[in-house]
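The values are calculated or read from the model by the stated rules, or taken from the named source; none is laboratory data. A quick note: this is a predicted structure, and the numbers were derived from the prediction, not measured. All Cβ positions, even for glycine, are placed from backbone atoms using ideal geometry, and neighbour counts span all protein chains on display.
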Amino acid sequence: MPGLEIYNSSAFPIYEIRRENGGVDLRAQIASGLSLKSPSLPELLLWDEKGLRLFDTFARRDAYYLLDKEFEILEDNLPELTATIPSGSVLVELGCGSLQKTARILESLEKQRKSVRYYALDVSLPGLTNCLAGLTTNRLRDFRFISVTGLCGTYRDCIAWLSEQPDLGDATVSTVTLLWMGNSISNFSHYKEASTMLSEFKQACEMSGLRCQYLVAADGCEDQQRIMDAYDTSSPHLQAFMLNGLCQANTVLGREAFNLEDWSCEAEFSPRQQCLDVYYVPLRDVQVDLHGEGESSHFRCGQRIKAISSGKWTKTLVAKMASLADFQLNRIWGDRSGVYYFYHLTSAV
Ligand SMILES: C[S@@+](CC[C@H](N)C(=O)[O-])C[C@H]1O[C@@H](n2cnc3c(N)ncnc32)[C@H](O)[C@@H]1O
């Protein structure tokens, strides 16, 4: 049983895999994040349907080199990349977003006449529905070898879902390829967290009798100026994307705890951590009353609240992250200037 099918307006089935209990309690996460010594807000606030659209607009700017680099790698290496995905297998995309690059990958698999069951995972049902609906505008509608299904849930929901799918494959299916693009793997604060997630997915696959491999795309840029230009916080597109996260926080809390006019965002790159962090910052001293019960938290003008991280991981760091989870780097494909890479990770044991 793949989950509960949700009626949706795209041409593809979407299954609800969010767990009733144990799902994400964003209200609690907001409260606990803000009470930390180095306060933070959950990254998930950024990824509602509007957030997905705002992110796409932001990512289409020339300065945001990541998207161009991924397309370049696909353009130069698509048959080789997709050759790693066997016929008669399952392909699960983690945080599928707009599916622009995915469409190319699926077209290549179809051209190779590989029978592949593709599952697109993302957190927002309206966002996922829109993105899947966009797939029908190209040739995917007529596919004979590829099936497309949406999964609405988080990475954690997907781990739970995968561990309960002994029937995911038929007798011929033994492999799940986890596709993780857009440098999303590095949104964790530390590479060890990403590594833990790699192994949890692997264990989940094993519980369903499936072998798991990864195709991961990660940004390895070391040019500080280029990175800062890509995440230029004076860009109205980045501001709009980030502030939508506070808007979402208000929706989750059911009250206007954050007055958007009081907030902006700023970014900082740490070469030592190989990571860029983006923060919400109040433009004046503010009180944030989460529950409307008069107990508010005080934030000084300019005090940072962490919103999201984007790692800039060298090949060495990716290898370390993979090896911690018992994966090895089987193949690496780089862009023409050597700042961005796709990695094929296979199980070392
Ligand atoms: C940087 S975007 C990348 C989108 C797409 N993979 C691409 O390469 O263009 C991150 C994507 O991951 C999704 N996402 C973020 N956190 C998630 C989580 N915990 N579980 C599932 N999806 C998540 C977001 O909704 C968004 O679509």
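Here are the numbers for this structure:
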item	result
Residue pairs meeting the criteria (Cβ under 6 Å; at least 6 apart or on separate chains; first on the phi < 0 side of the Ramachandran plot, in the stretch 49-64; second small (Gly, Ala, Ser) and more than 11 Å from the ligand (Cβ to nearest atom))	Leu54/Ala240; Ala63/Ala230; Tyr64/Ala230
Answer residue from the stretch 1-14, given it is surrounded by 18 or more Cβ atoms within 10 Å (Cβ to Cβ) and modelled with pLDDT of 90 or more and is farthest from the chain's Cα centre (by Cα) among those	Phe12
Hey, Leu81 surrounded by fewer than 22 Cβ atoms within 10 Å (Cβ to Cβ) and either farther than 20 Å from Ser310 by Cα or more than 16 Å from the ligand (Cβ to nearest atom) (or both) or not	yes
Condition met for Asp48 (surrounded by fewer than 21 Cβ atoms within 10 Å (Cβ to Cβ) and of a type in the set (Asp, Glu))	no
Some residue of the stretch 60-75 being small (Gly, Ala, Ser), over 27 Å from Ile332 (Cα atoms) and touching a helix residue (DSSP H, G or I) at 6+ places or on another chain (Cβ under 9 Å)	no
Within the stretch 313-348, tally of residues that are closer than 14 Å to Leu198 by Cα, in a loop (DSSP other than H, G, I, E, B) and not small (Gly, Ala, Ser)	1
Among (1) assigned to a strand (DSSP E or B); (2) at pLDDT below 95 - the single one Ser310 does not satisfy	(2)
Matching residues in the stretch 229-256 - criterion: being closer than 19 Å to Ala28 by Cβ and buried (at least 21 other Cβ atoms within 10 Å of the Cβ)	Gly245, Leu246, Gln248, Ala249
Any hit, the stretch 22-37, residues being in contact with a Phe, Trp or Tyr (Cβ under 9 Å, 6 or more places away or on another chain), away from the ligand (no atom under 14 Å from the Cβ) and not in a helix (DSSP H, G or I)	no
Members of the stretch 88-117 found to be among the aliphatic types (A, V, I, L, M) and within 9 Å of the ligand (Cβ to nearest atom), listed by number	Leu94, Leu99
Selection count, the stretch 130-153, where residues are surrounded by 21 or more Cβ atoms within 10 Å (Cβ to Cβ) and either more than 9 Å from the ligand (Cβ to nearest atom) or not in a helix (DSSP H, G or I) (or both)	8
Evaluation of Glu72 against (1) closer than 23 Å to Arg144 by Cβ; (2) touching a Lys or Arg at 6+ places or on another chain (Cβ under 9 Å); (3) not in a strand (DSSP E or B); (4) not small (Gly, Ala, Ser) (one fails), failing number	(1)
Among (1) outside any strand (DSSP E or B); (2) of a type in the set (A, V, I, L, M); (3) within 13 Å of the ligand (Cβ to nearest atom) - the single one Ala120 does not satisfy	(1)
